[in-house]
1. Mind checking which residues of the stretch A:198-245 are charged (D, E, K, R), closer than 23 Å to A:Leu153 by Cβ and out of contact with any Leu (no Cβ under 8 Å at 6 or more places or on another chain)?
2. Note down all Cβ pairs under 7 Å where the first residue falls in the stretch B:130-147 and is more than 9 Å from chain A (Cβ to nearest Cβ) and farther than 11 Å from B:Met189 by Cα, the second is among the basic types (Lys, Arg) and surrounded by fewer than 22 Cβ atoms within 10 Å (Cβ to Cβ), and they're at least six residues apart or on different chains.
3. Can you give me the number of residues within the stretch A:43-80 that are touching a helix residue (DSSP H, G or I) at 6+ places or on another chain (Cβ under 7 Å), hydrophobic (A, V, I, L, M, F, W, C) and modelled with pLDDT of 80 or more?
4. Taking the stated definitions as given, is A:Phe4 assigned to a helix (DSSP H, G or I), within 14 Å of another protein chain (Cβ to nearest Cβ) and either at pLDDT below 90 or touching a helix residue (DSSP H, G or I) at 6+ places or on another chain (Cβ under 7 Å) (or both)?
5. Does B:Ile176 satisfy being closer than 24 Å to B:Val11 by Cβ, within 14 Å of chain A (Cβ to nearest Cβ) and assigned to a helix (DSSP H, G or I)?
6. Pairs, please: C-beta under 7 Å, at least 6 apart or cross-chain, first residue under 16 Å from A:Lys166 (Cα atoms) and in the stretch A:209-237, second acidic (Asp, Glu)?
7. Within the stretch B:34-64, track down each residue that is assigned to a loop (DSSP other than H, G, I, E, B) and crowded, with 17+ Cβ neighbours inside 10 Å.
Amino acid sequence: MLLFTAFIIFVVVLYNRKQVLAAKEAQLKEAEFENEILQKELERQRAIQDERHRISLDMHDELGAGISAIKLQTEFLKNKINDPLYFDDINDILKASTELNLTMREMMWSLHAGNNDVGHFIQFSKRYAEGFFQKARIGISFEEHNIEPQALLADEVRRNLFLCFKEALNNIYKHSCASVVNIIYTSEQNAFKLIIEDNGKGIADNVHKGNGFHNMERRMQAVKGGWKLTTGEGGTALSFSVGLL
Amino acid sequence: MYLLYIYITIVSLCFVMSGFRKVSRASGLWIYFLLVLLFEFDMILHQPTPLIYKYSPIFLTIALMLYYLKSIEPKFKLYLWILGVAGVVLSIIFVAVSEEQFSNNAGLVKALATISFCLLWFFSQLAMPNNTPIIKKLAFWVSSALLLWSIFFIFRLMPRYLLNTQDKNFLAQIRIAFQYFTLLAYATMLGGLIFTKE
């Protein structure tokens with residue numbers, strides 16, 4: 001009887017030990033499986049980034065060279081042709097190729113994974129704003145507060161924020177009659193904020209807000225960000241806020 | 001005599017519980033208890049020459065084999081089949097050639113088959129543990145009870161003729177002790193049927 005009891009106790013104790021070992025093995029296998037999935041996802045993301053980088057390089061090499069050649073040939077043509085009748089058309093070609101060049105640079109900037117930090121975004125947006133307002137009689141100033149240049153922005157966030165930025169500058173140029181634009185970059189509590197202020201005539205209540213504002217709202221919603229419009233007789237301020245990675 | 005009444009009551013409760021519970025109903029444990037009751041009633045009603053009791057090793061081995069085929073891990077079913085078929089075949093042979101009311105050899109084969117089924121089940125559980133603690137499994141209590149009973153059955157059976165001539169008092173004591181162990185075994189199975197979930 002004693003032997004039998006000892007045998008049963010031995011079986012129970014051994015089973016419990018094996019159960020614990022089996023549970024630990026199962027946990028380990030699950031962790032390994034999750035690691036494998038993460039690894040595959042990382043590889044996939046890396047492959048996507050590499051492909052985007054390749055596309056941006058190809059664009060720079062192939063399209064960039066082509067657009068530069070068009071501009072150059074058009075400039076030569078302008079010098080050769082003395083008939084002013086054709087100057088407007090040639091200027092239109094030059095303008096279109098310049099815009100095309102700018103658009104291509106924006107797309108390349110957007111594709112390049114190395115530009116996904118706040119520092120690069122500020123650098124690029126400043127250059128764009130300076131180029132945009134170069135020919136207009138609008139003074140531009142920049143401010144930066146609490147900026148961590150290495151803080152990361154998701155690709156979609158970066159792209160949508162820049163498109164909102166472009167739309168805002170476009171609106172200032174077309175409608176505001178402003179003489180000064182102030183662009184403020186700030187970071188607070190894991191969020192990046194972009195504020196664009198002008199000293200224009202403001203937006204009256206009865207003025208219909210066009211597709212531009214709807215697009216801004218849609219873009220910010222798509223990246224789970226926020227935007228705010230403050231307007232009055234002293235000018236307009238557009239504020240965009242997005243999350244950092 | 002009162003031990004007999006307690007024994008029949010406990011086996012009947014085991015039969016009812018095993019038929020009432022979904023898991024044991026599906027595994028066929030109620031068949032084993034039903035056969036035990038049938039053979040015991042045959043013994044009681046047709047004393048001293050029971051009609052079907054001598055076939056009990058065959059059918060009880062088959063019933064246990066069916067139960068363990070549904071309870072054991074699939075990897076070990078082949079071994080169970082081999083042990084079960086060997087046990088049944090040997091029981092049939094011993095019952096066929098025996099001239100007594102109950103073939104000791106068939107009884108011994110049945111006990112050995114039961115012990116091997118129980119040990120195989122324990123081994124399968126140690127080889128492939130799952131999340132359920134072993135003491136919460138019905139088959140654990142059934143196997144422990146049957147193992148206990150079979151060991152004492154062999155202990156009671158083997159020296160029977162020798163002790164009958166040499167020490168009848170000890171034989172009587174063994175007989176009584178065996179009855180208590182039988183009660184203990186079936187009470188253990190009843191406890192397992194009531195308190196376990198799997």
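The values are calculated or read from the model by the stated rules, or taken from the named source; none is laboratory data. Values in this document were obtained by computation on a predicted structure and should not be read as measured data. Note that each Cβ is placed from the backbone with ideal geometry, even for glycine, and that neighbours are counted across all protein chains shown.
1. Correct list: A:Glu217, A:Arg218, A:Lys224.
2. Partner pairs satisfying both residue conditions: B:Lys136/B:Lys197.
3. 5
4. Values: assigned to a helix (DSSP H, G or I): yes; within 14 Å of another protein chain (Cβ to nearest Cβ): yes; either at pLDDT below 90 or touching a helix residue (DSSP H, G or I) at 6+ places or on another chain (Cβ under 7 Å) (or both): yes.
Answer is yes for this residue.
5. Numbers: closer than 24 Å to B:Val11 by Cβ: yes; within 14 Å of chain A (Cβ to nearest Cβ): no; assigned to a helix (DSSP H, G or I): yes.
The answer is no for B:Ile176.
6. That search, which allows pairs on different chains as well, returns A:Gly212/A:Glu167; A:Asn215/A:Glu167; A:Met216/A:Glu167; A:Trp227/A:Glu217; A:Thr236/A:Asp198; A:Ala237/A:Glu197.
7. Step one: filter the stretch B:34-64 for residues assigned to a loop (DSSP other than H, G, I, E, B), giving B:46-52.
Residue satisfying the conditions is B:Pro50 alone.
A quick yes/no check of all residues on (1) in contact with a Gly (Cβ under 8 Å, 6 or more places away or on another chain); (2) closer than 20 Å to A:Ala129 by Cβ; (3) aromatic (Phe, Trp, Tyr); (4) surrounded by 16 or more Cβ atoms within 10 Å (Cβ to Cβ):
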| residue | (1), (2), (3), (4) |
| --- | --- |
| A:Thr186 | no, yes, no, yes |
| A:Asn190 | yes, no, no, no |
| A:Lys193 | no, yes, no, yes |
| A:Gly200 | yes, yes, no, yes |
| A:Gly210 | no, no, no, no |
| A:Phe240 | yes, yes, yes, yes |
